[in-house]
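The values are calculated or read from the model by the stated rules, or taken from the named source; none is laboratory data. What you see is a predicted model, and the numbers here were worked out from it, not measured in a lab. Here the Cβ positions follow ideal geometry from the backbone for every residue, glycine too, while neighbour counts run over all protein chains shown. Ligands, DNA and RNA are stripped out before the accessible areas are found, and what is left, the full protein with its side chains, is counted by its heavy atoms. Shrake-Rupley method; radii C 1.70, N 1.55, O 1.52, S 1.80 Å.
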Amino acid sequence: MPPRPSQIELILRQVESLPTLSTVATRLLGIAGVEDADLDALVEIIESDPALSARLLGLCRRADKGWGDRITTVRRAVVMLGLDAVQAAALSVAVYDVMGRIASRGLDDEGPGPGLPFDRAGFWKFSIATATASELIAEAHPDLNVAPAEAFVAGLLHGLGKLALELLLPRSYARVLSLAERRQCAGAQAELEVLGLDHHTAGKRLGEHWGLPTPLRDVMWLYAQPLSTVPDLPHKSIIGLVGVARMLCRHLHLGFPGDFNHPEALDGPRGCCRPLGLRPELIEAAVPKLHEAVLQRARVLGLGEQTAPEMLMQSIGEANRRLGRMAGALDQRARAAQRQARVLAAVREFHGALGTLRPSPALGETVSEVVRSAAGSLGHGFYAAVVQAREGEAWQLFLFDAMARPTAVRTVEAPGPRGRCASLASLAGQGSMSFGALSGVPWLTDDLVDAPDLRRIQILPLITGADSGGPSWPAAMLLHDQDLVPWDRGLLAVLTSTWATAVAACTHHEGARRLGERLASSNRTLAEMQNKLAESESLARLGEMASGAAHEMNNPLTVISGRAQILAQGATGERDRAAAKTIVDATRHLTDLITSLRLVADPPEPRPAETPLGELLEEAIRRAGERVGVELAVRSAKGPDAGGGAPAPVVLDLPSPAPIVRVDRELIAGALAEIIANAVQASSQSPTAPVLVRAQTCAADSRLLIVTEDRGAGMSPRALQHAFDPFFSDLPAGRRTGLGLTRARRAVELHGGEIALAPRQGGGTAATLSLPGVLVSGATSSSPRANDAPDSGRSTPGPAVPAGRIHKRSRAA
């Protein structure tokens, strides 16, 4: 968990609560900022602290300058070395002393803890080495305009933030060092991960707390940044110089820097000397001086007596230890790379196996590939998988044999709240666990009786890695009996996330497919409702027109019809009587048309009454004959031919016994008459192929089906689509009004029924009238029989128009 801002601010406050510099150091910093400082005042300040004076003189006796014991007083040191050099040396001693006092007092509250210990003596030795190297580089490159004394102090204090964090938080900083060593990275990276802030920020705050000059604070803050990213500050050169000196000391293994990454090169096009324009040969020439100066200054600061050969051997030993750590880290990385390669190969093989499946594999196929991949990666043994597609649904349990082949799929009703199945997502969120921890789910153990040893079974959650803040679906778990202790959690998470993504994608695809099917069905229903709405609106407008026409035209038509009848009675010539009769017929036709329009647009309320089905059909056939202008001969499909075997235009097939139905006899007989009349007219070209009227009943829903089949030429697709539209007719203009089927459907719909038209195999059309809930008695289930027709060429009608569900019900009946 990353540190919170409040924790970071608390650490910074602890840094600012560290003891301040001594009074002598504070007064020296005040004089350092004043031009033309008084020499006597500076000498007086330093001599007021005898211990400081003695150590200061030790730092000022530079063997490389040949001064040796010639510097015996503070005043002489100031005269020979200069005011800046003495101030820098005094400040260095003061900072070392205050940090030493903090370490001896033990300001931390954490106490000792596990991790890599912080080598404070080694850290100070590295700081002194960096300070000395900075001073030598500044002396060798006067064009940088960096005073050697200032470079020395900047090098000594550059990493002071590390010491401050370690003194305040030793337990946490031990974890920082352990992490940095394990990852072979810079200490600042590990500090950010463990503490939330790095020693650069801590050093900057400490410098502000002590009132150090701005160049020193910026060195402590920015020394590790590439020089190209450092702002154009007046003291930018000293920041880069300290960075180069630090890299030199890391290459020489002088002291403990607290970093474990490989140091940058000094020379070459990408070396750290290049941005500053430093000459690497001058830096290399300063190395012998560096060792002697570090030894001398370490002794002055109290870091123990050590000879140059001992320091050299110590550096070589540290270099060897570093090489050993690097070799171990490289070996670990090599083994990790091998494991990663195996995981990547398993992922690649798994995706390849999925690619060989059909474009939309079923869930079982995907789970089988997951188990095959798991067996190949984790080892063969017992495997099973549990999937819950959505919250509350039943679990699906997939079982496999020892060779990872599927054996069975079972539905597990896991009891949950309010009758819903338990949440598999919540269970999977508990992480990998032994099966013994799941003793509270006996409904799953009952289905795993074939497992070799239930005590060894573990659960591996298949989680995609998406953090949604709660359980997500689909949820899946892999049951196995393999040992996962040697596995790295990160690599195992790659495998499980890959498997989980495949299962989730398959489940989402199946859900999307089902949703698409439901949407398509809803679209069809919506289209039907829109068509019905449009038709209702059309009929409403038609009804308004018909009502207005009837009101405005009935009286004139009555007058015209009456006068025409009087003229016909009084006419003496045949021609006049024929003309009068034509007027009477035209007015009657127009009156019938207006009546039909009103029936369609504003139908009467049905008045159901019990009627024998046979009588209803006979009346419909009689009225159909009146419409076509002939008397239709009728025979039963089960009896002898009427008229000594002469062909009959209509063959009637009724259930036995014929049932009683409860309908409005006038409306239904009129609707059937329209259908039968159309069928007779369609069959007029084939007088030997009569019209079949067949009735079927279904006791399950008291439904009556009446199918009328003709042997005509059939209806065109356009006619099938618009057959029930008002005024539509496929015959030449003027032959029919086009309202017959419209009236028929309106009458049937008033009874809650439907009419559908469909092409008949072998030619002709089948019209199906369906009336639910109209059977009163004699309701016996019957089915269409192919041998009931007069010839064996009759077959079951094809899909109905406009709604195919009529024929599905017919076949079910």
Karplus couplings for the stretch 757-769 from phi (6.51 cos²θ - 1.76 cosθ + 1.60, θ = phi - 60°), rounded to Hz, Gly and Pro as x? 10, 8, x, 9, 4, x, x, x, 9, 10, 10, 10, 9
For the stretch 230-241, in order, what is each residue's ³J(HN,Hα) by Karplus, 6.51 cos²θ - 1.76 cosθ + 1.60 with θ = phi - 60°, in whole Hz (x at glycine and Pro)? 7, x, 6, 9, x, 9, 5, 5, 5, 5, x, 4
The stretch 118-173, Cα convex hull volume normalised per residue, Å³: 63 Å³
Label-point separation, Ser656 to Lys236 (7 Å along Cα→Cβ), nm: 11.3 nm
A student applying the Cα gyration tensor rule (rounded when a/c is under 1.5; otherwise prolate if a/b is larger than b/c, oblate if not) would label the stretch 180-229 oblate
For a Förster distance of 60 Å, can you work out the FRET efficiency between the beta-carbons of Ala54 and Asp483, rounded to the nearest 0.05? 0.35
Measure up Lys162/Lys236; Lys125/Lys289; Lys125/Lys204 against 24 Å on the Cα-Cα distance and list the ones that go over. none
With r as the distance between the Cβ atoms of Met403 and Ala265 and R0 = 56 Å, compute the FRET efficiency 1/(1 + (r/R0)^6) and round to 0.05. 0.50
For the stretch 216-289, the Debye formula with one identical point scatterer on each Cα and no solvent gives log10 I(q)/I(0) at q = 0.13, 0.16, 0.17, 0.21 Å⁻¹ as -0.38, -0.58, -0.66, -0.99
If you rank Ser48, Ser228 by how much accessible surface each has, with a 1.4 Å probe, what is the order from largest down? Ser228, Ser48
Going by Cα centres, the stretch 198-255 and the stretch 342-411 are how many Å apart? 57 Å
For a quick check of understanding: with a 1.4 angstrom probe and all protein chains in place, what accessible area in square angstrom does Val409 have, to the nearest ten? 90 Å²
Measure off 7 Å from each Cα along the Cα-to-Cβ vector at Asn531 and Ser636, then give the distance between these two points in nanometres to one decimal. 3.9 nm
Projected label distance in nm at Ala336 and Arg455, using a 7 Å step from Cα toward the beta-carbon: 3.7 nm
Chain lengthening between His380 and Leu593 when straightened (0.36 nm per residue, less Cα-Cα): 68.3 nm
Find how much the distance from Arg75 to Glu349 grows on full extension, using 0.36 nm per residue of separation minus their present alpha carbon separation; answer in nm with one decimal. 90.6 nm
